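Working notes for the structure below.
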């Protein structure tokens, strides 16, 4: 999956992107992993039209991931959850970025997008993110 040197190969599908994200989750430090596992992981080819409209993004290739929910730093015990927190990863924009960059493995890129979205859930600062994802420094 990492190389995809033969142009006749099928691009990684939704299940493969999800597997890479789950591997990134499993690689998190134990202190974060249990909470990360509570966040629903969803992988789609693209963000929905409604998501793009809400974010005022015209180009569907511009959004590789999205966190939907209330960050832990803003939650209250009095909050009634309407829906579970979720991290969305968007396969086609991720694959396009991977191909355009040409200097990073797909697993590393998926992990980067996943950790960035997970950071929104935890309410992490840039320094917090950098302690797990070296791209952030």
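Structure data summary
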read-out: Residue 92/residue 30 FRET efficiency (R0 41 Å; Cβ-Cβ; nearest 0.05); value: 0.80
read-out: Full-extension gain in nm, residue 70 to residue 50, via 0.36 nm per residue minus C-alpha separation; value: 5.3 nm
read-out: Cα radius of gyration and Dmax for the chain (Å); value: 15.4, 54
read-out: Share antiparallel - DSSP beta bridges, the chain, percent rounded to 5; value: 45 percent
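Coordinate-derived values only; no laboratory data. Computed from a prediction, not measured in an experiment: that's the story for all the values here. Every residue, glycine among them, receives a Cβ derived from its backbone with ideal geometry; neighbour counts consider all protein chains shown.
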